[in-house]
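Here the structure is laid out as structure tokens; the discussion comes afterwards.
The values are calculated or read from the model by the stated rules, or taken from the named source; none is laboratory data. Keep in mind it's a predicted model, so treat the numbers as computed, not measured. Every residue, glycine among them, receives a Cβ derived from its backbone with ideal geometry; neighbour counts consider all protein chains shown.
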Amino acid sequence: MLRSLASLLFYARFVSSFSALGYRRAARNWDDFRPDFSGQTWLITGATGGIGRAIALTANQHGARVLAVARNGDKLAALKAAAATPKRLVPVCCDLSLMAAIRRLTESPAVSRRPIDVLVNNVGVLLNRHQLTDEGLEMSFATNLLGHFVLTEGLKQMGQLATDGIVINVSSGGMYGMPLKLEPMNCQAAKDFDGMAAYAMHKRAMVELTAWWNQQWQGQPGVQVMHPGWVDTEGVKTSLPGFRRTLKRVLRDAAQGADTVLWLADKRPEASEKGGIWLDRSLQPAHEFSFTRRTTATADSLAEYLADINQALG
């Protein structure tokens, strides 16, 4: 009962800005957007569905060579066939829940061929059932957070991220309901697992990682974090059917959810010293509630926690 009430209040607070209504209101003030990504190499995780698919196809349409990363070969083939310029869309098959697979990905010929100008850490899952990967990690933690950390750190250490490039982390408005936590993010016991809370923790951590990378890398490349608002994806249909039934008429489409990623890749704004998260081409505060600031965890301890897990996996 209390959780249902909290969800209702959360949705009521953000429906005007996170829905398609908010997108259309913001878009009234935008200039005509005609990006040119010619000569750039993009790597996009979770590229075969929803927001990732929209990003991949639009970047390809505007000239980019796109490394489209996902685990389903048939969907990757369909994505390539749908591209405006198929020869510039390179399917890369990888299970992004497995750190060993991600390490191999960073060394693959397709990825190591040229520096990556735009890295989009997009893949994400919200699971209603507890699952462990073959490496013993909670599945959504591995996919939503640790995999992004391992991929980004690996590419950086290998010199595969262009110094004048950009890393764009795709978070979620759900992170507004969660402070930064460490150990609970990798829930090992099915009885303790709450898929929605786990997803919010992972997405909060992506905001903190963004600030940490900017501090460590001093803007070379720059790192930004955004959230797409409430988008009507297959993941929402599967994992949040009640939410979708209630708000379907005002949910965003995939192109609306992808817009800020494409805008950030084109405009390359400087990272704010105060942090924040982008929505509809506008920098928003990283916190909306005071309780999400109350935590003993820090960006430094988060990075150390993730690095330790990665090292233990070998």
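Brief remarks on what is shown
- The one condition in (1) over 23 Å from ALA162 (Cα atoms); (2) more than 19 Å from the chain's Cα centre (by Cα); (3) of a type outside the set (A, V, I, L, M, F, W, C) that ARG88 fails to fulfil: (1)
- Any pair with Cβ under 7 angstrom, 6 or more apart, that starts in segment 198-227 at a residue that is more than 15 Å from ASP164 (Cα to Cα) and touching a residue at least 60 places away in the same chain (Cβ under 8 Å) and ends at one that is aromatic (Phe, Trp, Tyr) and surrounded by 21 or more Cβ atoms within 10 Å (Cβ to Cβ): ALA198/PHE141; HIS202/PHE141; LEU209/PHE149
- One residue alone among THR238, THR292 is of a type in the set (S, T, N, Q) and at pLDDT 95 or above, and that residue is THR292.
- Within segment 9-20, the set of residues being under 22 Å from the mean Cα position of the chain (by Cα) and among the hydrophobic types (A, V, I, L, M, F, W, C) comprises PHE10, PHE14, VAL15, PHE18, ALA20.
- The residue that is modelled with the lowest pLDDT, counting only those in segment 254-289 that are among the small types (Gly, Ala, Ser), part of a loop (DSSP other than H, G, I, E, B) and over 22 Å from LYS181 (Cα atoms), is SER272.
- When LEU247, LEU209 are checked against the criterion of being in a helix (DSSP H, G or I), hydrophobic (A, V, I, L, M, F, W, C) and at pLDDT below 95, LEU247 stands alone in meeting it.
- Flag if GLN224 is of a type in the set (S, T, N, Q), within 15 Å of the chain's Cα centre (by Cα) and either outside any loop (DSSP other than H, G, I, E, B) or at pLDDT 95 or above (or both): yes
- Pairs, first over 18 Å from TYR23 (Cβ atoms) and surrounded by fewer than 21 Cβ atoms within 10 Å (Cβ to Cβ) in segment 258-279, second basic (Lys, Arg) and modelled with pLDDT of 95 or more, C-beta under 7 Å, six or more apart: none
- Selection of segment 290-306 for residues being among the hydrophobic types (A, V, I, L, M, F, W, C) and in a helix (DSSP H, G or I) yields PHE291, ALA299, LEU302, ALA303, LEU306.
- Top-ranked residue of segment 121-158 - restricted to ones that are of a type in the set (A, V, I, L, M, F, W, C) and assigned to a loop (DSSP other than H, G, I, E, B), ranked as surrounded by the fewest Cβ atoms within 10 Å (Cβ to Cβ): MET158
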